[in-house]
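K.L.:
Attaching a single structure in structure tokens format; questions to follow.
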Amino acid sequence: SHTSTRSCTPNQLLSTMPPRATIALLLASACQVSCLVLQAAGARPRAVVASRCSPAMSMEEGDAGVGKCKWFDVQKGFGFIDVENQEQDLFVHQTDIKAKGFRSLAEGEALEFKVSRDAKTNKLKAIEVTGPGGDFVEGAPREPYYDDDGY
């Protein structure tokens with residue numbers, strides 16, 4: 001029997017609790033704390049548990065976010081952002097990008113944005129897309145323009 005939690009390891013502490021109490025404690029605790037306890041106990045959280053350990057489980061309209069450009073089609077003018085700590089990517093249209101001149105995103109580029117709901121599709125999308133600190137985005141490298149007539 002342990003009289004002080006100071007000398008207990010996470011394994012010892014969890015082993016003294018009935019299984020249902022352990023589960024209830026983990027579910028009632030904040031996700032980050034639960035993951036830390038599991039990791040400290042030597043358990044490797046499964047993907048489901050790990051995904052719930054992110055600071056924000058789901059984005060909502062009006063949220064601010066950070067992420068990286070997953071891909072962007074320069075010719076079509078849209079792409080997707082791999083949002084940090086989220087499972088779902090966000091759509092981004094070139095009209096919502098803060099850039100000097102031509103608006104595009106480079107693959108892997110660090111981004112900041114706000115979340116909005118598209119009026120037509122009712123899906124979440126990224127708006128006010130900037131580089132870190134609100135700076136202009138880098139954008140995709142410009143491909144050289146070739147005139148078919150050679151001019």
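The values are calculated or read from the model by the stated rules, or taken from the named source; none is laboratory data. Since the structure is predicted, the reported quantities are computational estimates derived from the model, not experimental observations. With ligands, DNA and RNA removed, areas are computed over all heavy atoms of the protein, side chains included. Shrake-Rupley method; radii C 1.70, N 1.55, O 1.52, S 1.80 Å.
K.L.:
Taking amide H positions as placed in the peptide plane 1.01 Å from N, state which residues far from residue 77 in sequence (5 or more) or on other chains have amide H under 5 Å from it.
P.N.:
It is none; the list stays empty.
K.L.:
Here is a further query. Counting only residues 5 or more places away or on other chains, whose amide H sits under 5 Å from the amide H of residue 104 once H atoms are built in the peptide plane?
P.N.:
140
K.L.:
I'd like the accessible area for residue 121, computed on protein heavy atoms only with a 1.4 Å probe and all protein chains in place. Round to 10 Å², please.
P.N.:
Accessible area of residue 121: about 90 Å².
K.L.:
When the Karplus curve 6.51 cos²θ - 1.76 cosθ + 1.60 is applied with θ = phi - 60°, which whole-Hz ³J(HN,Hα) does each residue of the range 91-103 get, with x for Gly and Pro?
P.N.:
Calculated HN-Hα couplings, in order: 5, 9, 9, 4, 5, 9, 9, 8, 9, 7, x, 5, 9 Hz.
K.L.:
Taking 0.36 nm per intervening residue step and subtracting the Cα-Cα distance, what contour gain separates residue 89 from residue 117 on full extension? Write out the running numbers ahead of the final one.
P.N.:
On the way: separation 28, 0.36 × 28 = 10.08 nm, distance 1.37 nm.
That works out to 8.7 nm of additional length.
K.L.:
From the phi angles alone, apply the Karplus equation (6.51, -1.76, 1.60; θ = phi - 60°) to the range 69-77 and give each ³J(HN,Hα) in whole Hz, x where the residue is Gly or Pro.
P.N.:
Once rounded to whole Hz, the list reads 5, 7, 6, 8, 8, 4, 5, 8, x.
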